[in-house]
Amino acid sequence: MLDSTKHQGMRKRLVDSLRNKGITDERVLKAIGQIPRHLFMDSSFVSHAYEDKAFPIAAGQTISQPYTVAFQTQLLEVSPGQRILEIGTGSGYQTAVLTLLGAEVYTIERQHSLYRYSLKQLSKLNYSPKKIVFGDGYKGLPDNAPYDRILVTAGASEVPKALLSQLAIGGRLVIPVGVETQEMLLFVRTSTQKFEKQKHGSFKFVPMLEDKN
Ligand code: SAH
């Protein structure tokens, strides 16, 4: 399947609806207007790809709702060249958004089937994150730390200490925290020891899988 003018038209309407819902970062809106979301989804859902909804992907996971992708990316305040760590590659769609914004993206996925899927799909569509890792996001990715931005796309029961420690000074961590529903939290690291915390509303994510080993 390819991208078509019909899909482009649907994307334009999606972007308009995100703008109406309060997304103001024009670079984020432009990226969403360019990325063929239908090519990151299971073929049974492609006709719904430009609705502002989450949909099932493999391994009982979901591709996040476009509004959530836009909201988290806007909160992250991405600039070209920044080093970004994403936890929860999933379909690879959010990874594509960060890559298109010019960031150097490192992304971790816990489910092997999704790791393989996103690896294949991102390369097929010519999005080039720096690294796609099969592993546990609770531990972050210490080898390439510190990160200017860290984005968690699954609901965490608590804020992983490893992620706070891998954030650069001045860096931003966006993470939904909670069990049934999640509160969107933003941490800004103001010094080695200090983090400023802000709350940005309630969302619903699939749970972040904890490694029990
Ligand atoms: N950004 C993705 C969101 C997928 S849902 C998208 O838009 O498609 C969240 C993803 O986080 C799932 O793919 C899930 O398998 C993954 N995940 C859950 N726990 C994780 C962990 N501990 N480390 C890395 N990824 C994890």
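The values are calculated or read from the model by the stated rules, or taken from the named source; none is laboratory data. This one's a predicted model, so the numbers in the text were calculated from it and none came from an experiment. Positions of Cβ are generated from backbone atoms using ideal geometry, with glycine treated the same way; all protein chains shown enter the neighbour counts. When the accessible area is computed, the model is the full protein with side chains, heavy atoms only, and any ligands, DNA or RNA have been set aside. Shrake-Rupley method; radii C 1.70, N 1.55, O 1.52, S 1.80 Å.
A few comments on the model shown:
- In this structure, the residue pairs whose Cα-Cα separation is over 23 Å, taken from 30/53; 12/130; 21/139, are 12/130; 21/139.
- The stretch 110-192: GluC sites (Glu not before Pro) in DSSP loop, at most 16 other beta carbons within 10 Å: 158, 180
- The Cβ shell under 11 Å around residue 14 holds other residues with a net charge of +4, Lys and Arg each +1, Asp and Glu each -1.
- Distance from the stretch 53-97 to the stretch 138-213 (C-alpha centre basis), Å: 14
- Carbon/sulfur fraction of accessible area - the stretch 57-203, other protein chains in place, 1.4 Å, %: 49
- Counted over the stretch 57-203, the DSSP beta bridges are approximately 40% antiparallel.
- Heavy atoms of residue 83 accessible to a 1.4 Å probe, total area in Å² rounded to 10: 70
- Taking the chain and dividing mean pair separation by its residue count, relative contact order in percent (alpha carbons under 8 Å, at least six apart): 14
- Taking all C-alpha pairs of the stretch 154-205, those more than 11 Å from each other amount to 66 percent.
- Over the chain, the alpha carbon radius of gyration divided by the compact-protein estimate 2.2 N^0.38 Å works out to 0.95.
- Long-range HN-HN contacts of residue 147 with modeled amide H, under 5 Å: 167, 168
- C-alpha long axis of helix 5-20 to longest principal axis of the chain, angle in °: 50
- Global geometry of the stretch 1-95, whether rounded, prolate or oblate, following the gyration tensor of its Cα atoms and the 1.5 cut on a/c: oblate
- Degrees separating the helix 66-76 axis from the principal Cα axis of the chain, which is the longest one: 40
- Helix axis angle, 112-124 relative to the chain longest principal axis, alpha carbon, degrees: 60
- For the chain, the mean residue ellipticity at 222 nm estimated from helices alone is -8500 deg cm²/dmol, where every DSSP H run of n ≥ 4 contributes -39500 (n - 2.57) and the total is divided by all residues, rounded to the nearest 500.
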